[in-house]
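Q: A single structure is presented below for examination.
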Amino acid sequence: MSFGAPSPDDWGSDEAADPPPGGGSLMSRRYVVPAVIVAITVAMLGATTPGADASSSTGQRVVLRLQRRAVQAPETPERAADGTNACTAPTPDPSGIVKTYAYYHCYTAQDIRAAYGVDAVDNMGAGQTIVLMDSYGSPTAAADLQAFHEAFFPELPDPNFDAVYPNGYQPFKNIGNGWSGSSGAAGWSGEATLDIEWSYAIAPLAHIVLVGVPPAETYGVQGLPNLFKALSWVIATYPAGTVISQSFGLAEQTFNGAAPVKLSQFDTVYQAAAEKGDTVLASSGDNGTTGTKKAKKGALSYTVPTAGWPASSPWVTAVGGTQLQYGWTWAPTSDVPFLADGSNNPDYFASTPGGDTEAVWNETWLPAATGGNASAYYSMPSFQSGVGSVIGSDHRGNPDLSWNAAVNGGVLVWITAFPTYQRPGWHVYGGTSASSPQVAGLVALANEQQATDGEAPLGYLNPLLYSVGSGAAFRDIVPVTEGTAASGVLADNTLWTYLADGSVAPGPVAGNPTLAGWDMTTGFGSPEAAAFIAAVRAAANA
């Protein structure tokens with residue numbers, strides 16, 4: 001089923017949000033392109049036509065789909081030719097087999113907590129609420145979170161978890177050719193499971209709430225308005241200080257000429273969250289500055305750099321991606337990720353043991369990279385005045401901060417939903433979908449300390465982040481060179497493309513450089529948990 005671009009009448013009221021304090025109003029300048037939303041998985045990237053002019057399909061009826069930000073590691077041989085493997089699951093799969101990955105490194109909850117200093121924080125999120133907004137949700141969410149808990153936190157009480165459906169229960173019957181495309185609900189179940197398990201990994205005593213909202217695709221009558229209806233319900237239902245994570249998005253340009261009015265309408269909801277004392281986060285995206293759209297035949301890419309929404313909203317804290325190398329160091333000697341037979345090239349995926357580095361997330365082999373760019377619609381909010389020279393224009397820049405999003409160096413997720421769609425058990429996930437819920441967990445830890453001391457929750461986070469600025473609260477992400485191959489120069493978020501010989505090269509859409517201090521690939525960098533909490537609390541309580 002296909003849908004035409006929605007008319008403004010499909011959106012409801014024209015009531016607009018007030019601009020964020022000090023600016024951040026919607027800009028009238030906009031790109032004129034068809035209004036579409038793209039569904040993306042790692043497999044989609046192979047179908048994209050880099051550099052295609054999105055305006056070439058003006059007037060074409062298109063399928064409208066929301067873009068999830070999770071990237072699942074492909075299945076690989078269990079061991080490399082030398083008998084080694086990079087990742088071992090902590091427990092057997094339901095089949096009784098302990099899953100291993102030959103080339104993709106992975107992290108347990110304890111690994112991530114140690115790498116970011118979360119274990120140095122005394123509290124675990126007790127009394128706090130974290131809401132994960134996802135299309136559909138997952139029919140096995142509670143059972144999968146329980147299995148994750150038993151693998152990593154057996155000494156703690158069982159998870160305090162709820163799955164709710166404000167717009168009606170999702171029967172999960174659209175496996176196959178549902179409204180969100182082939183296996184739509186099944187694909188989104190991985191996203192939802194990643195979100196709940198890894199927010200829980202950072203704040204295991206918090207109340208974890210999965211909000212499932214079908215369907216995923218249209219932003220006219222259904223889709224985004226349904227999602228924001230559910231978000232309004234969340235704001236009205238849960239206590240002040242609720243932390244809301246959104247692992248979805250789309251290129252701003254897909255809103256077409258409706259953008260100034262319609263983004264303001266959605267920002268009305270975000271503004272209500274801020275005024276109540278809630279914190280709203282969103283993944284910055286997995287395609288660098290390359291925005292894609294799903295057309296009737298294949299996929300097209302915008303020829304200009306794009307920013308992802310809702311991460312670009314000044315009312316939302318945009319969470320970008322890094323590649324954490326904790327206990328290993330990537331050492332590529334080749335720019336060819338895969339051999340002629342499709343197998344992994346050991347020279348590309350080579351690594352050495354040891355190390356603790358963090359680089360901008362730009363995995364040429366997928367290809368995928370952290371989202372981040374200047375907005376096409378939002379003007380610069382006052383809290384970003386100190387980084388205006390980096391943005392280079394009077395626009396909102398993102399992301400604001402970052403967290404690990406790599407697939408080689410991804411997080412372990414236990415999922416048993418839709419066993420005919422994917423193998424039940426442990427999988428490795430990356431993407432900025434992994435980043436946002438973990439930062440949500442960190443904010444919940446800060447809010448618990450606020451409550452203990454009789455202080456208000458952090459609430460609207462962006463002004464606090466820019467008040468703190470660069471320093472001990474963040475690990476600054478700067479250019480890094482890994483190995484001897486060009487792919488190992490991690491210095492920007494330019495998305496790469498495959499060449500005829502199997503090697504990779506930077507794509508035609510320019511990315512942004514990774515710099516010392518704030519930049520439009522990783523923001524201020526990744527939080528150092530204890531120092532970050534202390535700094536944002538001091539800013540909030542000043």
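Here, each number is a calculation from the coordinates, and none is a lab measurement. Since we're looking at a predicted model, the values are computed, not measured. All Cβ positions, even for glycine, are placed from backbone atoms using ideal geometry, and neighbour counts span all protein chains on display.
Q: Note the full-extension length gain between Ala486 and Val261 as 0.36 nm times their separation in residues minus their Cα-Cα distance, in nm to one decimal.
A: Details: separation 225, 0.36 × 225 = 81.00 nm, distance 4.35 nm.
Extra length from Ala486 to Val261 when fully extended: 76.7 nm.
Q: Mind sorting Phe255, Phe338 by how few other Cβ atoms lie within 10 Å of their own Cβ, fewest first?
A: Details: Phe255 27, Phe338 14.
Ascending Cβ contact count within 10 Å gives the list Phe338, Phe255.
Q: What ranking of Arg423, Arg537 emerges when the number of other C-beta atoms within 10 Å of each C-beta is taken as an exposure proxy, fewest first? List each step's numbers first, then the result.
A: On the way: Arg423 15, Arg537 19.
So the residues, fewest neighbours to most, are Arg423, Arg537.
Q: Follow-up. Using Cα-Cα distances under 8 Å and only pairs 6 or more residues apart, what relative contact order does region 370-496 have, in percent?
A: On the way: 126 pairs, mean separation 23.8, N = 127.
Averaging sequence separation for qualifying contacts and normalising by length gives 19 percent for region 370-496.
Q: May I ask you to order 500-508, 471-479 by the average number of other C-beta atoms within 10 Å around their residues, highest value first?
A: On the way: 500-508: 14.9, 471-479: 19.0.
Output ranking for 500-508, 471-479: 471-479, 500-508.
Q: I've got another one for you. Name the shape class, rounded, prolate or oblate, that the alpha-carbon gyration tensor gives for region 86-158, where a ≥ b ≥ c are the square roots of its eigenvalues, rounded holds for a/c under 1.5, and otherwise prolate holds if a/b is larger than b/c and oblate otherwise. If you can, show how the numbers build up before the last one.
A: Details: a/c = 1.72, a/b = 1.20, b/c = 1.43.
Cα axes put region 86-158 in the oblate bin.
Q: Using the number of other C-beta atoms within 10 angstrom as an exposure proxy, rank Asp453, Asp93 with the fewest first.
A: Details: Asp453 9, Asp93 16.
Going from sparsest to densest Cβ surroundings: Asp453, Asp93.
Q: I'd like the projected area of region 419-460, averaged over all directions, using the convex hull of its alpha carbons. Report it in nm² with one decimal. Please report the intermediate quantities before stating the final value.
A: Values: hull surface 18.8 nm².
Computed as one quarter of the Cα hull surface, the answer is 4.7 nm².
Q: So what are the three principal axis dimensions of region 347-396 from its Cα atoms, in whole Å, longest to shortest?
A: Largest first, region 347-396 extends 45, 23, 13 Å along its Cα principal axes.
Q: When every alpha-carbon pair in region 222-338 is counted, what percent end up more than 22 Å apart? Please report the intermediate quantities before stating the final value.
A: Numbers: 3159 of 6786 pairs.
Every Cα pair in region 222-338 considered, those over 22 Å come to 47 percent.
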